[in-house]
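Peer 1: Below: one structure in structure tokens.
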Amino acid sequence: MTNFFFVCYTEEKQTMKGEFPMQNPALSDLSKEELMKLIELYSKNWLAMDGVWFQSVEQKFGMDEAMEHDAQAWRRFTVMEARRIREFLQLPERAGLEGLKRALSFRFYANLNQDECVMEDKDTLLYRVKSCRVQGARSRKGMPLHPCKPVGLIEYSEFARVIDDRIRCECVSCYPDVTDSSCSCCWRFTLERGKDGK
């Protein structure tokens, strides 16, 4: 846990053009197909690490304690992830819902879960995770489902705020408050315009 938070603290102070450039020359020898497979592997490894530390805290101190640390970790990580994606995609400061839609497709989770984005109208985006590896893995292991709604609100709200500070997020359906059984979770993003319509 200590190492995890140290990495978060250190990485938060870097930019994509900062002091930690890529140091692995082996990657330049890989084909596009191999790089795509490696991205999938990295994504699975990242998710496994997220689950391993959470379950370690959960087993020793209980779900409430694990959720508290999970919330704090995601509060910081989702902002870092959004900033890097925004810079990578060269999105403007206020990228709107189209920018958010594009940014969501470049998250680590997008490599692992089946999801979809639907524009309900020009100021509302609906994001649905149709299948979730986390809940699927817990179900297979006979573990209770992860009560991810409170952490999800932090995760998606803060991610959206970095992409455009006018965007607000609300939960439509997420365990334990499931209102749509056709998906693992569902979130609505609303662009709140000013009086001038901008």
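Computed from the coordinates by the stated procedures, all read-outs in this text should not be read as laboratory data. Everything numeric in this text was worked out from a predicted model, so none of it was measured. Here the Cβ positions follow ideal geometry from the backbone for every residue, glycine too, while neighbour counts run over all protein chains shown.
Peer 1: Spin-label point model (7 Å from Cα, Cβ direction): what's the Leu126 to Glu98 distance in nm?
Peer 2: In this crude spin-label approximation the distance works out to 2.2 nm.
Peer 1: Could you work out how far apart the two model spin labels at Trp46 and Val172 are, taking each label as a point 7 Å from the Cα in the direction of the beta carbon, and quote it in nm?
Peer 2: In this crude spin-label approximation the distance works out to 2.5 nm.
Peer 1: Work out the length of the dipole vector of segment 32-191 about its Cα centre, built from +1 on the beta-carbon of each Lys and Arg and -1 on the beta-carbon of each Asp and Glu, and round it to the nearest 20 debye. Walk me through the numbers before you get to the answer.
Peer 2: Working: 25 positive and 25 negative charges, 65 e Å.
The dipole magnitude comes to about 320 debye.
Peer 1: Once you've got the GNM for the chain with C-alpha springs shorter than 10 Å, pick whichever of Gln55, Gln23, Gln135 has the biggest mean-square fluctuation.
Peer 2: Highest fluctuation of the listed residues: Gln23.
Peer 1: Figure the gain on full extension for Ser28 and Leu89 (residue separation times 0.36 nm, minus the Cα-Cα span) and round it to one decimal in nm. Please report the intermediate quantities before stating the final value.
Peer 2: Values: separation 61, 0.36 × 61 = 21.96 nm, distance 2.13 nm.
19.8 nm is the gain from fully extending Ser28 to Leu89.
Peer 1: For segment 91-122, which trypsin sites (Lys or Arg not before Pro) are both in a DSSP coil and crowded by at most 14 other Cβ atoms within 10 Å?
Peer 2: Values: sites: Arg94, Lys101, Arg102, Arg107, Lys122; in loops: Arg94, Arg107, Lys122.
Those satisfying the criteria are Arg94, Lys122.
Peer 1: Calculate, in nm to one decimal, what Ser105 and Gln55 gain on full extension: separation in residues at 0.36 nm each, minus their alpha carbon distance. Intermediate results must be reported in sequence, preceding the final value.
Peer 2: Working: separation 50, 0.36 × 50 = 18.00 nm, distance 2.70 nm.
Extra length available between Ser105 and Gln55 comes to 15.3 nm.
Peer 1: Taking the Cα centre of the chain as the origin and placing charges on Cβ (Lys, Arg +1; Asp, Glu -1), which of Ser157, Cys171, Ala110 is farthest toward the positive end of the dipole?
Peer 2: Of the candidates, Ala110 comes out farthest on the positive side.
Peer 1: So how much slack lies between Leu35 and Arg75, counting 0.36 nm per residue of separation and subtracting their Cα-Cα distance, in nm? Display every interim value, and only then the final one.
Peer 2: Values: separation 40, 0.36 × 40 = 14.40 nm, distance 2.94 nm.
Computed gain between Leu35 and Arg75 is 11.5 nm.
Peer 1: Need the C-alpha centroid separation for segment 40-64 versus segment 150-198, integer Å.
Peer 2: Between the Cα centres of segment 40-64 and segment 150-198 lies a distance of 24 Å.
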